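In what follows, a structure is listed as structure tokens, so that the remarks can point back to it.
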Amino acid sequence: MTGFHTAADLRHACELKAAHPDATLIAGGTDVMVGLNFGHTSPAALLDVSRVPELREWSREDDTIVLGAGVPYTRIVDELGGALPGLARAARTIGSAQIRNRATVGGNLGTASPAGDALPPLLAARASIELASLRGTRRVPARDFFLGPGRSVLADDEIVAAVRIPVAAGAEQFAKLGPRNAMVIAVASVAVTLDPPRRRVGCAVGSAAPTPVVAGDAETFAGAELDWDGRRELPASVTARFAELAAAATAPIDDVRGTAGYRRHAVAVLARRTLTWAWQEYRRS
Amino acid sequence: MRVDLEVNGVRRSLDGVREGESLLHLLRERVGLPGSKNACEQGECGSCTVYLDETAVCACLVAAGQAQDSRVVTVEGLADGAELHPVQRAFVEAGAVQCGFCTPGLVVTVHDLLARTSDPGEAEIREALAGNLCRCTGYEKIFDAVRLAAGEAR
Ligand SMILES: Cc1cc2nc3c(=O)[nH]c(=O)nc-3n(C[C@H](O)[C@H](O)[C@H](O)COP(=O)(O)OP(=O)(O)OC[C@H]3O[C@@H](n4cnc5c(N)ncnc54)[C@H](O)[C@@H]3O)c2cc1C
Ligand code: FES
Ligand code: FES
């Protein structure tokens, strides 16, 4: 490695990225440094964006939270639990306190792992990703961002500047399955959002396909079947069908953390639970 | 490259730092502070926990260059001269140290927890310590030390 560049602000970061397209961005470093420490990766240079002020802020624009890509998870948990309960719940399950103090949503998007825990809540909430470069800024729906494991639409000269996430219109839940209560890569995860004004459900699944995936059929089914006005208890037939459709949206693999069959089953169970919790919350509200 | 930072209150300028080097390596090998331990280099064990600008982080996951102009406090910076910090004393008194490899990281983590919450509940303690592994004690004595230090702080 021959270079270490420190970006002072977003404009500077875009200039540096344009000048050094082969440099690896580093924010919290919790993925990048593991690769470097073990010699798994040998980037030409590092481009530090951890102090870019625009990336470290969040703001509210009407019913949207504009979350800078470099806001660490600890702050998401502490400051955004009310506006973005789904993302905050997921953030709280990530790594340990030390990891959450550094790691960022921008890094989770950059790594583009199907197991990235911040990702299903972004898909479920129909967030969009703001990408910045010297060419300008573009917005991509989170649902269209991922191309495969470790691959996204992010171009060589681009930086994730922010994520635009609708303020929760109703209950949002997230559940993740792993062998321990902390510090685990998800075997499977599910995010569910309820949007009562639009009578719309969001549902996305992690760790069960080459990318985080939207369970579109489950969303459409639940949106139509839920008793939005009467708020009656969820019939078991609805949760069962929802769970089945969520599992059907996945394309899991066998690996050291679980078999494909186990993952499909886990997704069904997590989908049933998250919908049930979200619905209970809606009924009480 | 060159990195300037403050470590335990002392300004340092370090030359010849590798671009991909970790803050942990810089602290141990260049500054000569071996308190922060190098056990996993992948954020799993917490034995390298230090303060970076008042935030508890795994030093193995911070690139040395990211610490330019920052203030770092390591476990060596917690005691007041020969006087141990109350968290350190609590670890000794509770018998929370066996081989001691995990201790520096745990001391910093507990220091951080008690700086934020003077009276942490059981669940809070467990959540705060989830990123620190200990192969020896079975954790119970460590939880005793946290409660002891918290009681003393109150
Ligand atoms: C011990 C440990 C536990 C972990 N546990 C979890 C977990 O439970 N769940 C989970 O999802 N992840 C987990 N991770 C992985 C990691 O913490 C997350 O992926 C985190 O979100 C990465 O953020 P970061 O800021 O540290 O990224 P970095 O390591 O700085 O960067 C990661 C990638 O994103 C790119 N990047 C960073 N910022 C930007 C940007 N603004 N624009 C474009 N690209 C960017 C980098 O170039 C790199 O490719 C864990 C990691 C460790 C070490
Ligand atoms: S050495 Fe840094 S967490 Fe283990
Ligand atoms: S005392 Fe030996 S690892 Fe904790």
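In chain A, if the dipole is taken from +1 on Lys/Arg beta carbons and -1 on Asp/Glu beta carbons about the Cα centre, which of A:215, A:106, A:261 is farthest to the positive end?
Positive-end residue among those listed: A:261.
Determine the dipole magnitude for segment A:1-86: charges of +1 sit on the beta-carbon of Lys and Arg, -1 on that of Asp and Glu, nothing else is charged, the reference point is the Cα centre, and the result goes in debye to the nearest 20. Can you show the working numbers first?
Values: 6 positive and 12 negative charges, 56 e Å.
For segment A:1-86, the charge dipole is close to 280 debye.
With +1 assigned to the C-beta of every Lys and Arg and -1 to the C-beta of every Asp and Glu, and no other charges, what is the dipole magnitude of chain A about the Cα centre in debye, to the nearest 20?
Values: 32 positive and 30 negative charges, 135 e Å.
Here chain A has a charge dipole of around 640 debye.
Using the per-residue mean of other Cβ atoms lying within 10 Å as a proxy for protection, in what order, highest first, do the peptides A:173-182, B:81-90, B:8-17, A:241-250 fall?
Working: A:173-182: 18.1, B:81-90: 15.8, B:8-17: 12.2, A:241-250: 21.6.
By packing density, highest mean first, the sequence is A:241-250, A:173-182, B:81-90, B:8-17.
Sort A:93-105, A:125-137 by the packing proxy (mean of other Cβ within 10 Å over each peptide's residues), most packed first.
Numbers: A:93-105: 25.4, A:125-137: 18.7.
Averaged packing, sorted descending, gives the order A:93-105, A:125-137.
Over segment B:86-153, with the other protein chains present, what is the accessible area per residue in square angstrom, probe 1.4 angstrom?
On the way: 3080 Å² over 68 residues.
For segment B:86-153, the solvent-accessible area averages 45 Å² per residue.
Above 13 Å lies some portion of the pair distances; for segment A:176-217, what is it as a whole percent of all C-alpha pairs? Let's see the in-between values first.
Values: 513 of 861 pairs.
For segment A:176-217, the fraction of Cα-Cα distances above 13 Å is 60 percent.
Under the definition of partner shielding as Cβ atoms of other protein chains within 10 Å of a residue Cβ, what is the mean value for peptide B:53-65?
On the way: counts 0, 0, 6, 6, 10, 9, 2, 4, 14, 7, 9, 1, 7.
So the per-residue partner count for this stretch is 6.
For segment A:1-64, place one equal point scatterer on every Cα, skip the solvent, and apply the Debye formula. What is log10 of I(q)/I(0) at q = 0.25, 0.26 Å⁻¹?
-1.04, -1.09
Sort A:111-122, A:252-263, A:10-21 for me by packing, meaning the mean count of neighbouring Cβ atoms within 10 Å per residue, highest on top.
On the way: A:111-122: 26.2, A:252-263: 15.3, A:10-21: 17.7.
Sorting A:111-122, A:252-263, A:10-21 by mean packing, highest first, produces A:111-122, A:10-21, A:252-263.
Once you treat every alpha carbon in segment A:3-166 as an equal point and sum by Debye, what is log10 I(q)/I(0) at q = 0.13, 0.16, 0.18 Å⁻¹?
The Cα Debye sum returns log10 ratios of -0.56, -0.87, -1.13.
Straight-line reach only, C-alpha to C-alpha below 21 angstrom: list the lysines that residue B:37 could link to, leaving out same-chain residues fewer than 8 apart.
Within the straight-line cut-off, residue B:37 pairs with B:141.
Quick one: Cα convex hull volume of segment B:1-51, Å³ per residue?
Residue-normalised Cα hull volume stands at 76 Å³.
Along the positive direction of the dipole of segment A:172-284 (beta-carbon charges: Lys, Arg +1; Asp, Glu -1; about the Cα centre), which of A:203, A:247, A:187 reaches farthest?
Of the options given, the answer is A:187.
Be a star and scan segment A:57-73 for residues whose amide nitrogen sits under 19 Å from the point 7 Å along the Cα-to-Cβ vector of residue A:137.
Residues passing the 19 Å test: A:57-72.
Below 8 Å, C-alpha to C-alpha, sequence gap of six or more: please give me the relative contact order for chain A in percent.
Working: 645 pairs, mean separation 45.4, N = 285.
Relative contact order, chain A: 16 percent.
Could you state, as a whole-number percent, how many of the C-alpha pairs of the protein assembly as shown are farther apart than 41 Å? Mind showing how you got there, number by number?
Values: 18495 of 96141 pairs.
For the protein assembly as shown, the share of Cα pairs beyond 41 Å comes to 19 percent.
How large is Rg over Rh for segment A:172-284, taking Rg from the Cα atoms and Rh as the Kirkwood inverse mean of 1/r across Cα pairs?
0.98
Bin all alpha-carbon pair distances of segment B:86-153 at 10 Å intervals from 0 and give each bin's fraction as a whole percent.
Percent of pairs per bin, in order: 23, 64, 13.
At a threshold of 8 angstrom on Cα-Cα distance, excluding pairs fewer than six apart, so keeping six or more, what relative contact order does chain B reach in percent?
24 percent
Quote the accessible area belonging to residue A:1 in square angstrom, nearest 10, computed with a 1.4 Å probe and with ligands, DNA and RNA left uncounted.
Roughly 80 Å² of residue A:1 is accessible to a 1.4 Å probe.
For chain B, count the residues as N, evaluate 2.2 N^0.38 Å, and divide the Cα radius of gyration by that value, please.
Values: Rg = 15.3 Å, N = 154, 2.2 N^0.38 = 14.9 Å.
Dividing the Cα radius of gyration by 2.2 N^0.38 Å gives 1.02.
Suppose every Lys and Arg Cβ carries +1 and every Asp and Glu Cβ carries -1, with no other charges. What dipole size does chain B come out with about its Cα centre, to the nearest 20 debye? The partial results should precede the final answer.
Details: 15 positive and 23 negative charges, 56 e Å.
Here chain B has a charge dipole of around 280 debye.
Considering the options A:141, A:276, B:22, tell which one lies farthest towards the positive end of the dipole of the protein assembly as shown, charges being +1 on Lys and Arg and -1 on Asp and Glu at the Cβ, about the Cα centre.
Toward the positive end, the furthest listed residue is A:276.
The values are calculated or read from the model by the stated rules, or taken from the named source; none is laboratory data. These numbers were taken from a predicted model, which means no experiment stands behind them. Note that each Cβ is placed from the backbone with ideal geometry, even for glycine, and that neighbours are counted across all protein chains shown. SASA here: full protein model, heavy atoms, side chains in, ligands and nucleic acids out. Shrake-Rupley method; radii C 1.70, N 1.55, O 1.52, S 1.80 Å.
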